[in-house]
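See below for the structure under consideration.
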Amino acid sequence: MTPASKQTVDREPTELEALLPFHAAGTLNLRDARRVDEALASDPELARQYAVIQDEYAETILLNESLGAPSARAMQKLFAAIDAEPARKASFNPVMKAAGFFSSLSPRTLAFAGVTAAVLVLLQAGVIGTVLVKDRKGEGFQTAAFPVQSKAGTFGLLRFAPDAKADEIAQLLNNYNASIVSGPKAGMFRVQFGDKALSKQEAEQLLTRLQAEKIVSLAVAAE
Amino acid sequence: MQVLYGRHHVRVFRFSLRLVKNESIAEDLISEVFLDVWRQAGKFEGRSTVSTWLLAITRFKALSALRKRKDAELDDEAAAAIEDTSDNPEVAVTKKDTSHALRNCLTALSPEHREIVDLVYYHEKSVEEVAEIVGIPENTVKTRLFYARKKLAELLKAAGVERGWP
């Protein structure tokens with residue numbers, strides 16, 4: 001190693017210099033990315049180094065992609081080994097499933113997917129809004145989720161406790177074979193129970209049971 | 001398991017192949033890594049991403065596999081690798097193929113430098129994730145990558161490629 005190169009190797013990177021490769025890969029947090037961007041705009045030396053890093057980044061990807069994929073032998077060996085394992089629950093950790101999906105995406109893909117999802121949500125909101133406005137002009141109010149409701153069944157008005165969670169509400173509706181028809185209006189949801197009308201006594205019993213539920217703060221009959 | 005394998009096995013294979021430099025061993029490592037995942041799936045708590053977890057297991061197994069091989073064998077392979085890579089960039093430069101030379105020099109880096117370059121550039125891991133996979137402090141991740149890049153520049157310079165940095 002020449003003295004000059006030794007001197008180069010021995011030099012510690014500056015804080016921003018050390019962040020450049022991560023900036024090229026898009027893995028910096030927003031704050032650091034902004035700092036690096038500002039430094040690149042004002043420091044030509046840093047910008048030159050960043051151009052070199054971008055080449056390294058591209059070539060590292062090409063190199064890895066050129067390595068190909070493993071043969072089917074690896075998979076066969078794995079599943080043979082799993083078959084030979086003692087019996088166990090086949091269920092998988094749900095955290096792992098979700099995390100696996102998102103981790104399979106690169107930060108850029110994830111960001112792109114996020115933007116796409118946001119645009120789709122906006123488009124969907126626009127379509128729903130248009131449909132609602134159109135329907136109001138015609139036959140009166142209908143929710144987008146339940147355009148046609150059966151007139152049979154028993155109806156009630158429910159107000160959920162402020163700390164009720166979405167999954168608890170879903171579970172409760174499921175337990176009572178119920179579905180939300182409309183609302184909230186004044187904090188109350190109109191709910192349909194089953195598709196057959198209950199007798200007055202049965203309906204009262206049902207509402208009493210509902211009123212006793214932890215996540216229900218008010219349950220009353222509705223026409 | 002098939003879904004998880006389908007999503008990650010190629011990257012696991014490439015990461016281990018870059019470390020052990022032997023396709024057959026890298027393929028064996030895939031089965032070992034995913035079998036470990038199958039056995040330990042319940043222990044995964046989602047503190048890191050699945051791919052980070054997989055790469056950390058892969059790295060551990062790849063290094064264990066390397067340690068199992070005889071020292072003499074390793075020395076021979078290391079020498080062969082160095083010889084190959086110092087020749088290849090020169091050939092590449094004669095062909096004015098800087099990008100080919102860069103790829104050859106990336107292969108010539110030490111395993112320690114190779115893994116950090118791959119984790120950051122190819123696997124797109126953040127400073128924190130690389131620290132977790134390699135088991136080193138975050139500042140060491142940054143400086144090690146910096147020195148890996150310096151080494152890469154030296155290899156390229158030796159092969160006649162000047163890039164204007166350092």
Item checked: Other-chain or far-sequence residues with amide H under 5 Å of A:Thr154's (modelled H) -> A:Phe193, A:Lys196, A:Leu198
Check: If we count other beta carbons within 10 Å of each Cβ, what is the order of B:Trp53, B:Trp165, fewest first?
Finding: B:Trp165, B:Trp53
Margin query: Quick check: the distance between the Cα centres of the range B:92-146 and the range A:26-70, to the nearest angstrom?
Written below: 12 Å
Next item on the list: Starting from the amide H of B:His123, placed 1.01 Å from N in the peptide plane, find each other amide H under 5 Å away whose residue is 5 or more places distant or on another chain.
Entry: none
Margin query: Multiplying the sequence separation of B:Ser24 and B:Glu128 by 0.36 nm and subtracting their Cα-Cα distance, what value in nm do you get?
Written below: 34.3 nm
Margin query: Under the rule of at least 5 residues apart or a separate chain, name every residue whose amide H is placed under 5 Å from the amide H of A:Ala161.
Written below: A:Val216, A:Ser217
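If each residue of separation counts as 0.36 nm, what is the full-extension length gain between A:Arg35 and A:Ala58 once their alpha-carbon separation is subtracted?
Additional length available on full extension: 6.0 nm.
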Check: Once the principal axes of the Cα atoms of the range B:1-69 are found, what is the range along each, listed largest first in whole angstroms?
Finding: 33, 21, 18
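Coordinate-derived values only; no laboratory data. None of these values were measured; they are calculated from a predicted model. Quick reminder, even Gly has a Cβ in these numbers, built from the backbone with ideal geometry, and neighbours come from all protein chains shown.
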